[in-house]
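Here, each number is a calculation from the coordinates, and none is a lab measurement. Predicted model only: the values in this text are computed from it and were never measured. Glycine gets a Cβ as well: all are built from the backbone with ideal geometry, and neighbour counts include every protein chain shown.
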Amino acid sequence: MESADAPGAGTPGAQELRGSVDRSLGRASDAALRTGNRLTLLQHGTETYEKCLEEIRRAESWIHMNYFIFKSDDIGRRFAEAIKAKARESVAVRVLYDWMGNFAVPGDFWRDLRRARVETRVVNAPAPGRTLGLIRRDHRKILGVYGRYASVSGLCIADQWLGMLSGTRRSRWWAGPASTTRRAP
């Protein structure tokens, strides 16, 4: 799609095409177009973790996290300390984590978060009657902070991703109206 500064962007045909594309995307996504966003591609694990922790420290209202793996190693403890500190400041912190991806994480790690008023929920835990339950996983790596910042990543929260640089592990970080999500009741 043309930018506003591109040649021909101000012509009636270009404006009509842009309006048509915007309406089509709106219908397909059931979401309104939101302008005024900034997108950054972070290509290094250390850079991604530092940006996430920086934004967590800035949170004023809520933090939502959904990670396939959230280990209790050094980087996991740094994230845990950051979100516990925000929960103690009455920031609503919610963490979803996959049962299989965190099978080896000690229960004390999650209990410590809950004692600090961090809401944690396991997803895809085995259940009677779910024969395929062990192969159904949630590989998401998502962070949303206060409706102003969001990140979708290929990096789990674990030391093994520190310094990682590859096409599949890049993080997309955006700020602005597109990062707004509905606050859970």
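Rounded to the nearest 0.05, the FRET efficiency derived from the C-beta distance between Ser20 and Arg58 at R0 = 45 Å is 0.75. Only residues of segment 61-76 count here: report those whose backbone N is under 13 Å from the spot 7 Å along Cα→Cβ of Asp112, or say none. The answer is 71-76, whose backbone nitrogens lie closer than 13 Å to the label point. What does the charge count around Arg57 come to, taking other residues whose C-beta lies under 15 Å from its C-beta (Lys +1, Arg +1, Asp -1, Glu -1)? Once positives and negatives cancel, what remains is +1.
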